[in-house]
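Below: the structure, in structure tokens.
The values are calculated or read from the model by the stated rules, or taken from the named source; none is laboratory data. From a predicted model like this one, the values you see are computed outputs, not experimental measurements. Methodologically, a virtual Cβ is constructed for each residue, glycine included, from the backbone with ideal geometry; neighbour enumeration extends over all protein chains shown.
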Amino acid sequence: MTDTSEPRDPRRETTPRTPTFFKVPAGTPARQCASPSCAATIYWIVTTRGRRMPIDCDVEGGVRPSRKHDPRQLDAFNAPANCDGRGRSHFETCKDAARFRGD
Ligand SMILES: [Zn+2]
């Protein structure tokens, strides 16, 4: 009993820096990464600079957005249908990051 820390997924252990998280608006459609070796679920957002960016919400500290953006389904107790998600750039988390270069 020496190490109490949880074992980390080695695939995610890439950067020691604090990762940058991006907001994924509710209703953003889920897509699949085009890389066959990755095939992660990603969400395309448009950054404040107008650039499209794939976001990976299946990361530590990430949250998937609700599928629909429907104000009628607001619920004070359960998760409403307007939950924004958050995640990291899939440029950083993709197993096949080279695929994104030069695009
Ligand atoms: Zn990928």
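Here the stretch 29-63 is the region considered, the condition is being among the hydroxyl-bearing types (S, T, Y) and at pLDDT 95 or above, and the residue that is surrounded by the fewest Cβ atoms within 10 Å (Cβ to Cβ) is T41. Would you tally the residues in the stretch 16-72 being more than 16 Å from the ligand (Cβ to nearest atom) and aromatic (F, W, Y)? So the answer is 1.
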